[in-house]
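Comments concern the structure below.
The values are calculated or read from the model by the stated rules, or taken from the named source; none is laboratory data. Nothing here was measured: the structure is a model prediction, and the numbers come from that model. Cβ: placed from backbone, ideal geometry, glycine included. Neighbour counts: every protein chain shown. The area values use the complete protein model at the heavy-atom level, side chains included, leaving out ligands, DNA and RNA. Shrake-Rupley method; radii C 1.70, N 1.55, O 1.52, S 1.80 Å.
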Amino acid sequence: ALVWNWMTNNLYGIINHVLLQTRIVGVPIDFAGNSAWAFGLITVASVWQFTPFVILVTLSNLGTIPNSVYEAAHIGGANWWQQVFRITLPIIRAPILLVLLLRGIWMLNRFHVIWLLTAGAPLGSTTTLPLYASERAFGDNAYGPAGATSTVIFGILLVVGIIYMRVLRPENEVARG
C-alpha cells in the first residue's frame, strides 16, 4: 500500500511523472485525494496484492490434471474450448470457488490498504465498515458503535458463508475429487 501511495503521489510519483512526460495529462492527478480516482486506486492495489495467491492456487490445481485426460478428449474429438469447459473448469471448480470466497472475505475486511492509501478520504468516499469501526473505536472512543459495526461485518460474512455452503456445495467437490 505504501509503494502504491508513493507511485501515485501527485508531487513525486512515478505514475504522474510518466503521464506528464507522455503528455497524457497536463497536470498531476491526485489519485488518493480525488474521489473519482481513490476507489480505483484501492481496487488496483488490492488486486495487485492478491493476484499471486490466485495464480498460485489456480496453477497448482491445473498441475494435478493428468495429460491422459486431455489426450483421451482429443482422441474423442474434443476441441480446445470443449476441453477447457468440460474438463479443466469442472476439475478446478472447487479451488476457484474457495479463492472467490476467501477474496470476498478479505475484501470485506480490507483495512490496511485503504487506511494507508486514503484513510477513508476524500470526504469519506473510501470509508468502509472496518474503517468506520476503527474510527468509532479509536478516533471517537465510541466502543459501542464500533462493536456493533464489527458485529454487522461478522453477520454479513456469516450470511455469505452460509449461502456459499448451501448454493455451491463445496463438500461435493471434495468428495468427488
Those residues of segment 47-59 which are without any contact (Cβ under 8 Å) to a residue 40 or more places away in the chain and open to solvent by 60 Å² or more (accessible area, probe 1.4 Å), in sequence order: Val47, Pro52, Ile55, Leu56, Leu59
Those residues of segment 132-156 which are in contact with a helix residue (DSSP H, G or I) (Cβ under 6 Å, 6 or more places away or on another chain) and under 25 Å from Thr43 (Cβ atoms), in sequence order: Tyr132, Ala133, Arg136, Thr149, Ser150, Ile153
Hits in segment 108-120 - residues which are open to solvent by less than 40 Å² (accessible area, probe 1.4 Å) and closer than 15 Å to Thr8 by Cα: Val113, Ile114, Leu117, Thr118
Subset of segment 105-160 [polar (S, T, N, Q) and either under 28 Å from Val3 (Cα atoms) or part of a helix (DSSP H, G or I) (or both)]: Asn109, Thr118, Ser125, Thr126, Thr127, Thr128, Ser134, Thr149, Ser150, Thr151
Close pairs (6 angstrom Cβ cut-off, 6 or more residues apart or separate chains): within 30 Å of Leu158 (Cα to Cα) in segment 75-104, part of a helix (DSSP H, G or I) and of a type in the set (Val, Ile, Thr) anywhere: Pro95/Val57; Val99/Val54; Val99/Val57
Of residues in segment 161-177 being in contact (Cβ under 8 Å) with a residue 60 or more places away in the chain and assigned to a helix (DSSP H, G or I), the one most open to solvent (accessible area, probe 1.4 Å): Val174
When residues of segment 105-122 are limited to those that are among the aliphatic types (A, V, I, L, M) and touching a residue at least 40 places away in the same chain (Cβ under 8 Å), the one nearest to Thr51 (Cα to Cα): Met107
Enumeration of residues in segment 4-46 that are under 18 Å from the mean Cα position of the chain (by Cα), open to solvent by 70 Å² or more (accessible area, probe 1.4 Å) and of a type in the set (A, V, I, L, M): Val44
